[in-house]
1. Filter the cross-link list K76/K334; K247/K357; K97/K196; K97/K189; K97/K334; K10/K76 down to pairs whose alpha-carbon distance in this structure exceeds 30 Å.
2. Given the options G127, G244, G331, state which has the largest fluctuation in a GNM of the chain using a 10 Å cut-off (strictly under) for Cα springs.
3. Stretch F20-N319 to full length: gain in nm at 0.36 nm per residue minus the Cα-Cα span?
4. Stretch E136-V102 to full length: gain in nm at 0.36 nm per residue minus the Cα-Cα span?
5. So what is the relative contact order of the chain, in percent, for Cα pairs below 8 Å that sit 6 or more residues apart?
6. For the chain, just list the percent of Cα-Cα distances falling in each 10 Å bin from zero outward, please.
7. Please compute the net charge surrounding T197, taking Lys and Arg as +1 and Asp and Glu as -1 over other residues with Cβ under 14 Å from its Cβ.
8. Nearest 0.05, what FRET efficiency do F39 and E294 give at R0 = 41 Å with Cβ-Cβ as r?
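Derivation of every value follows stated rules applied to the coordinates shown; laboratory data play no part. Because the structure is a prediction, the values reported are computed rather than measured. With ideal geometry, Cβ positions are generated from the backbone for all residues, glycine too; neighbour counts draw on all protein chains shown.
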Amino acid sequence: MLKSLLRDRKLIALLVLAIFIKVFSLNEAWVETWYTYGFYPFWSRLERTLLGWIPLSVGDLLYIFSFIFLILKAWKFLRLLAKRKVREYLSWILFRKYLRLVLWIYIIFNLSWGLNYNRLGIAHQLGLSVKAYDREDLVQIATLLQERLNHYAAQTDSIKRLEFNRHSRLTSQARDDYERAAKNYSFLKYRSPSIKTSLLSPLGHLFGFSGYINPFTGEAQMNNKEPVYLKPFVINHEIAHQLGYGKENEASFVSFLVTKESSSIDFRYSLYYELYFDALYEMRVNGELEAQVELRKTLHPRVVIDKMEEQKLRQRNRNVLQPYVTDFYSGYLKMNNQPGGMSTYNEVIAWLIAYVKKYGVENL
């Protein structure tokens, strides 16, 4: 068995490359210098240039074909199992074949995008000191976020904002936001956009996703079934992923930097809506229920109505598969340098607190 594996030069070469990538990923400075600011900008822009003009999501098609492939292989295995011919099917040749496939997936995933999980990131770029926060910090940031949210809620037009249900209008505003942000943060320059409506949107609510990046094609996908007031934050979050911010808290923080300067009231409303409820979640986790209740008493009616609509939508689409998909994705995040799993999304609050301490309340 071992001799057979050692004779497989392609397998050995792939294994050596995979080990090299893993060792390389352990040094954040190397990743930041040689990958995030070296290879990745060239590769990601090339992908977006080649695929961005195609209206359909190539990445979604890849997922669909991969799923069909797995189903067919599973069906073949079950048929052989029923005929008691599994031993004839299983062999070291087959094992080496699928081991090579797994190694190829690991290598392509990391080279095309995945190594961004291991970079120094936005805290390094802005010189932020992100630390554990205390009760006063949490209550203060939640209060400030509610003030901003109430301010923009009073200006939001329930009819006018529906224009952002048009994908072209949504992406146009997002590109304008990044162009504006790049004047202050050159590392947020976004070229050759590739933002598409997900072909899997009908499954979005079942699996609980609002947007995602395909690490193999560089495309950002939007779930077009989401409420219009959630889409602006999500699209700027997904573009942040395209720019190399792999971790969810980092992508959310980049979305904050970009969206808070947006020319659109509805984009700003979406931003503070998302961050405010992230802060409330953190308050609940940290046992600050009384302070949370007091805050919500002064919440703008528009926000209350939108939150009720969102909760009804989530409740209506709740199903037995969702917890398993959530657990699977949480495990994926933990495997990729995000030990908090799904709670990584809410960890953006720690970044906001660090940002306010450095740049002042007026810049929130």
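1. K76/K334; K97/K196; K97/K189
2. For the chain, modelled as a Gaussian network with Cα springs under 10 Å, the answer is G127.
3. Gain in length upon complete extension: 103.5 nm.
4. Values: separation 34, 0.36 × 34 = 12.24 nm, distance 4.76 nm.
Extending this stretch completely gives an extra 7.5 nm.
5. So the answer I get is 23 percent.
6. Taking all Cα pairs of the chain, the binned fractions are 5, 21, 31, 24, 11, 6, 2, 0 percent.
7. Charge balance near T197 sits at +1.
8. Working from the Cβ atoms, E equals 0.25.
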